[in-house]
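The structure appears right after this line, and notes come after that.
The values are calculated or read from the model by the stated rules, or taken from the named source; none is laboratory data. Note that this is a predicted model, so its numbers are computed, not measured. Just so you know, the surface numbers come from the protein's heavy atoms only, side chains and all, with ligands and any DNA or RNA stripped out. Shrake-Rupley method; radii C 1.70, N 1.55, O 1.52, S 1.80 Å.
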Amino acid sequence: MSKFKVGDEVRAISESFGWGKVVKGDVGQVARVGINGFLRVDFPAQKNWSCHAGDPELVEPKVVQ
């Protein structure tokens, strides 16, 4: 079971298959969660970026006061 779900905002902190157009620290949205621990993330600079679930970190929603 992945710690991520489709729609989660994540920040790229490492890479497994190359950075492509993604830069460390970029924030994107999880587009697909595979049963094998792989994710597809849509970043502004690159859609469908492939990574292991350990490569991004969850971006916590901002609390509006």
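Calculate I(q)/I(0) for the chain by the Debye formula, one identical point scatterer on each C-alpha and no solvent, and give its log10 at q = 0.12, 0.22, 0.28 Å⁻¹ to two decimals. Results for the chain at q = 0.12, 0.22, 0.28 Å⁻¹ read -0.25, -0.81, -1.30. For the chain, the solvent-accessible area of protein heavy atoms averages 69 Å² per residue (probe radius 1.4 Å; ligands and nucleic acids excluded). When the solvent-accessible area of the chain is split by element, carbon and sulfur atoms take up 54 percent of it, the probe being 1.4 Å. Amide hydrogen proximity for Asp26: with H placed 1.01 Å from N in the peptide plane, the residues at 5 or more positions away or on another chain lying under 5 Å are Ala12. Remark: accessible surface ordering of Leu39, Leu58 (largest first) is Leu58, Leu39, probe radius 1.4 Å.
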